[in-house]
Amino acid sequence: MTDQPYDHTITEMLQTAAELITLKPQDQWTSWVMFLLSELQSITPAQSYVDLLTQLEGAVAGQLAELAS
């Protein structure tokens, strides 16, 4: 069971974005993900964006730990 949220439209659009990003050279993937984050930053209150980055940092660390085990 996962706590992954689901919204048909958002899920479909993000899956498409992920597919398109992975068609680019791998050295560009980070830049595209950072572009998405900058888009979020432009429409998010500053503290909410800081909170998002903090939560994201923890989630990425968790995934890395999972992959390392």
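The values are calculated or read from the model by the stated rules, or taken from the named source; none is laboratory data. Model, not experiment: these values are computed from the prediction. Using ideal geometry, Cβ is built from the backbone for each residue, glycine included, and neighbour counts are taken over all protein chains shown. Each accessible area value is taken on the protein alone, full model and side chains, heavy atoms only, with ligands, DNA and RNA left out. Shrake-Rupley method; radii C 1.70, N 1.55, O 1.52, S 1.80 Å.
Quick look at the values:
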quantity: Accessible area (Å², per residue) of the chain, counting only protein heavy atoms and a probe of 1.4 Å; calculated: 91
quantity: DSSP-loop chymotrypsin sites (Phe, Trp or Tyr not before Pro) across the chain, with at most 14 other Cβ within 10 angstrom; calculated: 6
quantity: Cα-based Rg of the chain normalised by 2.2 N^0.38 Å, two decimals; calculated: 1.25
quantity: Backbone HN-Hα couplings from phi across the stretch 35-47 [Karplus 6.51/-1.76/1.60, Hz, Gly and Pro as x]; calculated: 4, 4, 4, 5, 5, 5, 4, 5, 10, 10, x, 3, 5
quantity: For the stretch 6-18, 3J(HN,Hα) per residue [Karplus equation, 6.51 cos²θ - 1.76 cosθ + 1.60, θ = phi - 60°, Hz, x = Gly/Pro]; calculated: 9, 9, 3, 5, 5, 4, 4, 5, 5, 5, 5, 4, 4
quantity: Per-residue ³J(HN,Hα) for the stretch 57-69, Karplus 6.51 cos²θ - 1.76 cosθ + 1.60, θ = phi - 60°, Hz, x for Gly and Pro; calculated: 4, x, 5, 5, 4, x, 5, 4, 5, 4, 5, 6, 8
quantity: Mean-position separation - Cα centroids, the stretch 1-25 and the stretch 31-69, in angstrom; calculated: 15
quantity: Percent accessible area from carbon and sulfur atoms, the chain, protein chains only, probe 1.4 Å; calculated: 63
quantity: Computed FRET value (nearest 0.05) for residue 48 with residue 19, which takes r as the C-beta separation and R₀ as 30 Å; calculated: 0.60
quantity: Within the chain, helix-based [θ] at 222 nm, where runs of 4 or more DSSP H residues each add -39,500 (n - 2.57), nearest 500; calculated: -26000 deg cm²/dmol
